[in-house]
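Below: the structure, in structure tokens.
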Amino acid sequence: MAKSLNELAEHLKELIKEMNKNTTNISHIHAYRFNNLKISMDPTTDSEPHVIFTVGVSEVKYSISSLQRMSGSWGPDERYITKWLSRIGVIEDLKEQWRQTVGVKHDSKKLADDEINKINLSKNDK
């Protein structure tokens, strides 16, 4: 089973801590800075499979298929993202999350459309 977006964010935070564990004082600063790291996906804004990384007001969006940055920037901290994306299993988990996210969005839209159709049919029956 694929990891949730929250689990993937925790995985990325652990990589950031690991990459900074041998630096003095910086590891604590980085760990604190990335406490509010969020990973999301929004197929309503872009149909290309993508993942959005947000820390505070900084946001960057990467293509899941090409692993290229689509928009935004984290500056030099993007090295954490590129390193993390190269880890075994991460892309597969992101692809599965994308499929689930798109499926949920489509199912929700279909349910909403079905409800609208029911209301319209009941109005026409009167």
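Please count how many residues of region 59-76 are over 19 Å from K3 (Cβ atoms) and surrounded by 14 or more Cβ atoms within 10 Å (Cβ to Cβ).
Residues that pass the stated criteria total 8.
Across region 47-58, what is the number of residues that are assigned to a strand (DSSP E or B) and under 11 Å from the mean Cα position of the chain (by Cα)?
Residues of region 47-58 that are assigned to a strand (DSSP E or B), as a first pass: 50-55, 58.
Next, only the ones that are under 11 Å from the mean Cα position of the chain (by Cα) stay: 50-54.
Total satisfying the criteria: 5.
Check off (1) modelled with pLDDT of 95 or more; (2) small (G, A, S); (3) under 16 Å from I16 (Cβ atoms) for G75 and give me the number that stays unchecked.
(1)
Identify, please: which residue in region 20-41 is modelled with pLDDT of 90 or more, out of contact with any His (no Cβ under 8 Å at 6 or more places or on another chain) and not small (G, A, S) and is, among those, surrounded by the most Cβ atoms within 10 Å (Cβ to Cβ)?
First pass over region 20-41, keeping only residues modelled with pLDDT of 90 or more: 37-41.
Now restrict to residues that are out of contact with any His (no Cβ under 8 Å at 6 or more places or on another chain): 37-40.
Keeping just the survivors that are not small (G, A, S) gives 37-39.
Working: L37: 16, K38: 13, I39: 20.
The qualifying residue surrounded by the most Cβ atoms within 10 Å (Cβ to Cβ) is I39.
Given the criteria among the basic types (K, R), modelled with pLDDT under 85 and out of contact with any strand residue (DSSP E or B) (no Cβ under 6 Å at 6 or more places or on another chain), does K13 qualify? Spell out the reasoning first.
Details: among the basic types (K, R): yes; modelled with pLDDT under 85: no; out of contact with any strand residue (DSSP E or B) (no Cβ under 6 Å at 6 or more places or on another chain): yes.
Here the answer is no, as K13 does not meet what is asked.
The values are calculated or read from the model by the stated rules, or taken from the named source; none is laboratory data. Predicted, not measured: the structure shown is a model, and the values here were computed from it. Glycine gets a Cβ as well: all are built from the backbone with ideal geometry, and neighbour counts include every protein chain shown.
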